[in-house]
Ligand SMILES: Nc1ncnc2c1ncn2[C@@H]1O[C@H](COP(=O)(O)OP(=O)(O)O)[C@@H](O)[C@H]1O
Ligand SMILES: [Mg+2]
């Protein structure tokens, strides 16, 4: 080993704490890089796997085509597989769902069974064309329960309508306008059941039963053909342009999968996730560079004297640089492998701990998130970390070499003192005595040394607050893009007199429940600017531009009294205010999240309708139309919104046919009438969706059902639950026991649509918090590093002060005052910048969802407290070490 | 035959700027012959250390030239100056300036090792013997007394048989017994090995043991006399 390397090793060994902190910094940074990369690959892997599990692995679905037509594609070497399925026919099955009366039999080949989403839930796969799989929703949705092993005799035929001829699965049921023709009786045995298949269109009229296709597909029958292309990133675009025969009878690209498999024509599926990864990486990069850089700049400034000495006995710059490089490599050699392992391990552990959640949230039971680690990813993370270390090691060493050896030995650069400023010392002296004065002098005379500490503290504050803000906005905007209703499931039409009993029986199942009357009222509102929020007005003008029409609505609903009381209780409201029959008052659901579409964008607006303190809104009632006319619109009579009077306009078929409308869209020269305003009193406003709420662009006004004056007294039961299928079964049992005939198609299951959004929010939360933790750790290591060095560099001064008779208490006072300087200075710099950066983050998130800007106050408070805490503890540690020093040793040792 | 080993021409060193300007050296010229033993004396702050540092290639003069063995020291680049320091100069400081993490042997052989050459074991053991450090090769600086540390730094300065040895108050931090021991050693090296020496001191008795005394005041040579 060369003398320089030996020297470096010994020096590192001497400063063990610093070396360890630096290694920890490298470990943390590498861990975070590895974690970010691993989580991205795992997430993409999971999304891709989920997409395949959900919809199959095909890329192109050619609609009812034949073997002959698609032959060129089949012969293409780039085709990975072609799966065939054949429509066998429809049979009436006696379903309760009026739009889905049939069982539809699809004969699929082996490839189809393997590659398409066929998820067996019971029984076994069919082995020949007399055996079938039936889908679970035949019972769940259609109420037809066929036990396994039963042999069915079906009259299979073709759907025909007088108007369109032969119909297939993509065309919904034509009520009263279609029939089955050419029926033949077919016998088949139910050998298994499978989950509702994704290849069955939502509006399909038949429940898809799967059977095995006999023999090879023949040349002229019609088949659904599903093709997967090898290496889609490279081949797909060219392939799909060449094989136009696939589109002969219509086709569909599996765009969800193509996006995930990186076919650029399809853009990027989850920009949120990509942005998330990029922003996090940048934050991590900033944090790590800061930590590693300061660790090295400290070790170099500590070693400046050593460099000077070496230089004075003839070490060249190259030799010194090489020794710094050696140090960087030695630290990396320990830090990077450990960090990479920790990163992968951490993510593995996170995924393991969340395994149930991912299963629930990312998809149904057949989807989960696995750790996806590729050597290339680890290498990439290691390379990024190593470059960070190298750059961090390089720059301070270059700076140290710019001074002459003798200057380095004397460290005279640091001694240059400036006369300190004005009133502050007196305040310091008053508060902290002579020691305060001294600390203040130290601060103002060696700003440079302090600067590193203050900058890294400020940087930590910025990173922490920005990352928290980022997490807040991402979660909010993800949550807002999601217009999920306030329920997972509801059943429409429980008779009112049975409702209370059913509700309490159901509540024993353990989820959240609320009932609403089946009836609801949709009323137009006049919301003057004084009572609305600026965010609402921004949304309104984006959605309706300068229309003179009145476009604000309220939906009035009646909630069962028991749930209403619970709602009042959970929100700390006054019960008496809402149940006075003379004086109905509503709870307004004031919060909304509404997408506004333009030809090529979808922007989400998140807002409150009403300013707080608004106690009533004006419902607009339209007087009955004159004989021969009907209501057409309600609009302002002037030429802009808000001008003239709110007027009801009437028209008739003749007017509509003959375009008697003005440029604002109001009927011309036809009867009008002034509208009638009706005050709706608002007793309270909520900014979240209680159970049972529907999302939408209208204001929801909720009254207790005892205030309901209508006729239909049936209630709908809304609930939030984890396992909707289980709950449906339980509720069916409960209601049947109560003697209510349950119709399966009156269940509405909202979980399917909520699935993906919930998963994204959870993922963002878990990982944001994870990374905030790591960034905080980096910051703590950083501060510890700089504070301890600053104290260590002043070892001699401390020794001198002690030899001059400064007491331990005096030293404590001095260091407390220094903590105060560090803390307040860094917050003074850090917080304003943090607010700025957070605002930028807000702007980035605002692209996806418009919402008002709020600061992550909690994070800021935590940052303030932790800054002082961390500084204080670091100070305590380093001065504690100094106190053990023998002052004379310290004085002697550091002489030049 | 007298051979000029060091020549200094019109050396000036200015620290600071404007009203803070300090002229530490103000047009110093002289030359030293091989095998000479020069003492530099002068009051504190007169520029002695500054002169020595510019001679040793560790501090660049503001203007003027330093020739060692006929070569202009500061004409080279940083790398060449470093190699010059490594091979042609041995510096001894008042506070030893040993590297705390290296042991005696490593400290002494540092210039050789930096030069990437093999340690001349014969010379090393001879130096250790002469400096009375035999058996202490493995000790770290903080395990040695002040006199011993200074002897290690002398050994480091001599290890490469440099053209000149420059010592800045080498006895300033030592008691009189240890001081005389160090001076004796330096004299011995000068006598036995013909080692050229330039030693800063403000101790009259030490200066009088040299062959030539140069006095400096306010950055100028005020006296230059040969006493032996
Ligand atoms: N790095 C420096 N910056 C500013 N002035 C300096 C520096 N080094 C020395 N000086 C000044 O130069 C003059 C000569 O210093 P020095 O050579 O150390 O004197 P001596 O060694 O004779 O005591 C002194 O006035 C000193 O204050
Ligand atoms: Mg001096």
Could you check, for the stretch B:164-173, whether at least one of its residues is in contact (Cβ under 8 Å) with a residue 60 or more places away in the chain, closer than 18 Å to residue B:146 by Cα, more than 16 Å from ligand 2 (Cβ to nearest atom) and within 14 Å of another protein chain (Cβ to nearest Cβ)? no
Could you name every one of the strands (runs of 3 or more DSSP E) located completely within the stretch A:619-715 that has at least 1 residues being buried (at least 20 other Cβ atoms within 10 Å of the Cβ)? A:630-636, A:646-651, A:676-686, A:699-704
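To keep it simple, each residue is scored yes or no on (1) buried (at least 23 other Cβ atoms within 10 Å of the Cβ); (2) within 17 Å of residue A:514 (Cα to Cα).
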position	(1), (2)
A:559	yes, yes
A:562	no, yes
A:581	no, no
A:589	yes, yes
Say we look at the stretch A:603-651 and pick out the residues that are out of contact with any strand residue (DSSP E or B) (no Cβ under 7 Å at 6 or more places or on another chain) and free of Cβ contacts under 8 Å to residues at least 40 places away in the same chain; which of these is farthest from residue A:549 (Cα to Cα)? A:613
Among (1) more than 26 Å from residue B:84 (Cα to Cα); (2) crowded, with 19+ Cβ neighbours inside 10 Å, which single condition is residue B:159 missing? (1)
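Okay, residues lined up against (1) closer than 22 Å to residue A:532 by Cα; (2) in contact with a helix residue (DSSP H, G or I) (Cβ under 9 Å, 6 or more places away or on another chain):
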residue	(1), (2)
A:685	yes, no
A:691	no, yes
A:703	yes, yes
A:710	no, no
A:713	no, yes
Looking at the structure I just gave you, is residue A:7 buried (at least 23 other Cβ atoms within 10 Å of the Cβ) and either without any contact (Cβ under 8 Å) to a residue 24 or more places away in the chain or within 14 Å of another protein chain (Cβ to nearest Cβ) (or both)? yes
Residue list for the stretch A:79-118, restricted to those being surrounded by fewer than 17 Cβ atoms within 10 Å (Cβ to Cβ) and in a loop (DSSP other than H, G, I, E, B): A:94, A:96, A:98, A:99
With the condition being away from ligand 2 (no atom under 16 Å from the Cβ) and over 29 Å from residue B:203 (Cβ atoms), I'd like the helices (runs of 4 or more DSSP H) fully within the stretch B:27-117 carrying at least 2 qualifying residues. B:78-88, B:104-114
Just checking, how many residues over the stretch B:16-52 are within 14 Å of chain A (Cβ to nearest Cβ), free of Cβ contacts under 8 Å to residues at least 12 places away in the same chain, near ligand 1 (Cβ under 10 Å from one of its atoms) and at negative phi? 2
In the stretch B:116-129, what count of residues is obtained for those that are within 13 Å of chain A (Cβ to nearest Cβ) and either at positive phi or surrounded by 21 or more Cβ atoms within 10 Å (Cβ to Cβ) (or both)? 1
Residue B:132 meets each of (1) assigned to a helix (DSSP H, G or I); (2) surrounded by fewer than 17 Cβ atoms within 10 Å (Cβ to Cβ) with one exception, condition (1)
Against the definition (touching a helix residue (DSSP H, G or I) at 6+ places or on another chain (Cβ under 7 Å) and more than 11 Å from every other protein chain (Cβ to nearest Cβ)), how does residue B:98 come out, yes or no? no
Take the residues in the stretch B:61-99 that are surrounded by fewer than 17 Cβ atoms within 10 Å (Cβ to Cβ) and within 16 Å of ligand 1 (Cβ to nearest atom), then tell me which one is farthest from residue B:4 (Cα to Cα). B:62
Subset of the stretch B:168-184 [within 16 Å of ligand 1 (Cβ to nearest atom) and crowded, with 19+ Cβ neighbours inside 10 Å]: B:168, B:169, B:170, B:171
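Bear in mind these aren't lab numbers, they're just calculated from the coordinates by the rules spelled out. Everything quoted here is computed from the prediction, not taken from an experiment. Glycine also receives a Cβ, built like all others from the backbone with ideal geometry; neighbour counts cover every protein chain displayed.
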